[in-house]
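Below: the structure, in structure tokens.
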Amino acid sequence: MTKRSWAPSAAKVKQKDTLVFSGTWQAADTVTLTIDNVTLIVTVGAVTSAANVANLVYEAFTGATTFTDTTATMIPQGGGTSIAQMNEIDVAISSATLTFTSKTAGVPFTMSASRTTGASGAISYTASVVACTGPTFFS
């Protein structure tokens, strides 16, 4: 009988997820990000283009003290910087696309995104554009 052994040699890779905003948004629409069972809710103000809503979520996630859309709100106050799980993730913005990347290679996160809108505002969330992996992953 052959003895099986596990030789952890996989390189650590940072997880990368994307969130793309599209359509028409209106005041009071909301975007909800849930990361590792902790929620950040952003309510759209007067600036309603998809790129501006993406920027609003970016500002909330990074803990901006004021929004470029001064009529927008977020819960909890302080945004992502007040949520420990979100401090473990970097976010980058390009037009209407947000890219979330784990700060530490080999450390995964679980994320979901949803929205409520009275118009055609939409978000497309792609989990694990780059999957997290490392020497402690059995696969």
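The values are calculated or read from the model by the stated rules, or taken from the named source; none is laboratory data. What you are looking at is a predicted structure, and each value in this text was computed from that prediction instead of being measured. Cβ atoms come from the backbone with ideal geometry, glycine included; neighbour counts cover every protein chain shown. Keep in mind that these areas ignore ligands, DNA and RNA; they rest on the heavy atoms of the full protein, side chains included. Shrake-Rupley method; radii C 1.70, N 1.55, O 1.52, S 1.80 Å.
Here the chain exposes an accessible surface that is 54 percent carbon and sulfur, computed with a 1.4 Å probe and the other protein chains kept in place. Once the Cα atoms are used to define both axes, helix 50-62 deviates from the longest principal axis of the chain by about 60 degrees.
Placing +1 on the Cβ of every Lys and Arg and -1 on the Cβ of every Asp and Glu, with no other charges, gives the chain a dipole of roughly 680 debye about its Cα centre.
For SER95 and THR81 in one chain, what is 0.36 nm times their gap in residues minus the Cα-Cα distance, to one decimal in nm? Write out the running numbers ahead of the final one.
On the way: separation 14, 0.36 × 14 = 5.04 nm, distance 2.24 nm.
Gain in length upon complete extension: 2.8 nm.
GNM on the chain, alpha-carbon springs under 10 angstrom: the most fluctuating residue among ALA92, ALA50, ALA60 is ALA92. For the chain, the longest piece that avoids every one of the chymotrypsin sites (Phe, Trp or Tyr not before Pro) found in DSSP loops with at most 14 other C-beta atoms within 10 Å covers 7-136.
Test of understanding: given the chain, find the longest segment containing no trypsin sites (Lys or Arg not before Pro) that are in a DSSP loop and have at most 16 other Cβ atoms within 10 Å.
Numbers: sites that count: LYS3, ARG4, LYS12, LYS103.
With a cap of 16 other Cβ atoms within 10 Å, the longest stretch comes to 13-102.
Per-residue ellipticity at 222 nm, computed for the chain from helices alone with -39500 (n - 2.57) per DSSP H run of at least four residues, works out to -3000 deg cm²/dmol. Just checking the listed ones, GLY80, GLY23, GLY45: in the Gaussian network model of the chain with Cα springs under 10 Å, the one fluctuating most is GLY23.
Residues of the chain: accessible area per residue at 1.4 Å, in Å²? Provide the component values of the computation, followed by the final result.
Numbers: 7480 Å² over 139 residues.
I get 54 Å² per residue for this part.
Counting Lys and Arg as +1 and Asp and Glu as -1 over every other residue whose Cβ lies under 15 Å from the Cβ of SER102, the net charge comes to 0. Beyond 22 Å, the tail of the calculated P(r) for the stretch 1-104 holds 35 percent of the Cα pairs. A simple spin-label model places the labels of ALA51 and ALA122 2.0 nm from each other, with each point 7 Å out along Cα-to-Cβ.
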